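Encoded as structure tokens, the structure appears first; notes follow it.
The values are calculated or read from the model by the stated rules, or taken from the named source; none is laboratory data. Remember, predicted model here, so these are calculated numbers, not experimental data. Methodologically, a virtual Cβ is constructed for each residue, glycine included, from the backbone with ideal geometry; neighbour enumeration extends over all protein chains shown.
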Amino acid sequence: MATDHTEGAPPAQSSGFGAPPAQSSTFFNDSGAALAQLMEGMKTLMSGQQAQAAQIAALQNTQQPVTPATTTTDTTTEQSTQTTTKKARLPDVAKFTGQRDQWKAWKLDMSAKLTTDRAYFGDERTMLYYVYARLDGGAKANATTYVEAYGTQTSPNELVAYLDRIYGDPNHAERAVERLQTYKQRADQTFAKFLPTFEKNLADAGGQAWADPAKKGFLMGAIRADIKKELIAVERPASYHDTVNLLLRVSARMEEVERAAKRTTRERQNRPSSHHQGSTTGSGGDEMDWEPTVAKVGSTKERAKWVSKEEIEARKEGRRCLRCGKKGHFIDKCPLLPAQKPTRSLKSKPRKNEEAEEEEGVDEAESDDEQSKDQLLD
């Protein structure tokens, strides 16, 4: 008898492991194929990546001699160049106002500035306007006409050459040679002070390029005669610079000898006097007669001579001056100093007639009193 199933009940399931339904089998077949394709694609991608990595490694091995240090050095050099171009190495040149005696120095300064700081300026036009900016006064007025006429068609060197034609001295070298021929070392001038001016004249004349014998000839003709004399017994070097060094040494030695002589002279002048007043002792030990002359400071009067008693009496009778024996004045107005009695030497005894004369001599003081009485009586 058949069994009826109730409506809405689930269908009966078979027991055990049976084949899956038809729809489930189709799903699993499609998923497996997709997975297999995905895996195959991943294998292909990985193979391509491995091959690319191998190519990169091979390329790196090929470029190995080019070291990174070279690249770093190039970068550093470029950075250093960029840094130096941002800052000038030399200071600004002083402004030139048109004075001829300053032109040569200004020209050299400007040439050094343009050459050293070329990278700082960048281009010729900037350098041209820099030269123009360092002018003033009459020099700038002359340069203005030139710059307006030529503008950017000229260069900084051409502008400097234009100014050189105006302010330069075409006969500078000839005049320097003349100065070199006439310049001589003074008698009171040391060689160290003489040399800088000589070197300047030599450079202005273009003598730095001359041969050494020519330069030595001008130098030896300009130094003092006493320095040349010191070189007579000295072997002279062949080069000009060695000759200059030799002259510096010789001149310094001569100056030191002169200073030593002056010191010795001053010491002798400042040394106290060792003279003694009174009698001195000779080589034999005997006393020597020496009578000091006593005179007033600033006095120029002469001293009267000692005379005998008879001479004094004769002057009295003749109403003459008892001191000098002249008429027209008496002893109180006499221009001579009083006479001094002669001193007798201890070495020899006086003769009898000399003793008589000395005893007969009259002291001037006594005669002075007598002549004064006579004046009162008159």
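For segment 97-127, the candidate set comprises residues that are of a type in the set (Asp, Glu) and within 20 Å of Thr152 (Cβ to Cβ); within that set, the residue that is surrounded by the fewest Cβ atoms within 10 Å (Cβ to Cβ) is Asp123. Answer yes or no: is there a residue in segment 176-196 that is assigned by TED's automatic domain parsing to the domain that holds Gln208, closer than 27 Å to Trp210 by Cα and acidic (Asp, Glu). Yes, because at least one residue in segment 176-196 is assigned by TED's automatic domain parsing to the domain that holds Gln208, closer than 27 Å to Trp210 by Cα and acidic (Asp, Glu). Of all the listed residues (Tyr150, Tyr130), the sole one being surrounded by 17 or more Cβ atoms within 10 Å (Cβ to Cβ), part of a helix (DSSP H, G or I) and of a type in the set (Ser, Thr, Tyr) is Tyr130.
For segment 306-322, the candidate set comprises residues that are of a type in the set (A, V, I, L, M) and outside any helix (DSSP H, G or I); within that set, the residue that is surrounded by the most Cβ atoms within 10 Å (Cβ to Cβ) is Leu322. When Ala143 is tested against (1) more than 27 Å from the chain's Cα centre (by Cα); (2) loosely packed, with under 15 Cβ neighbours inside 10 Å, just one condition goes unmet, and that condition is (2). List, please: which pairs have Cβ atoms under 6 Å, are six or more places apart or on different chains, and start with a residue in segment 167-189 that is surrounded by 12 or more Cβ atoms within 10 Å (Cβ to Cβ) and end with one that is of a type in the set (Phe, Trp, Tyr)? Partner pairs satisfying both residue conditions: Tyr167/Trp103; Leu180/Phe218; Gln185/Phe194.
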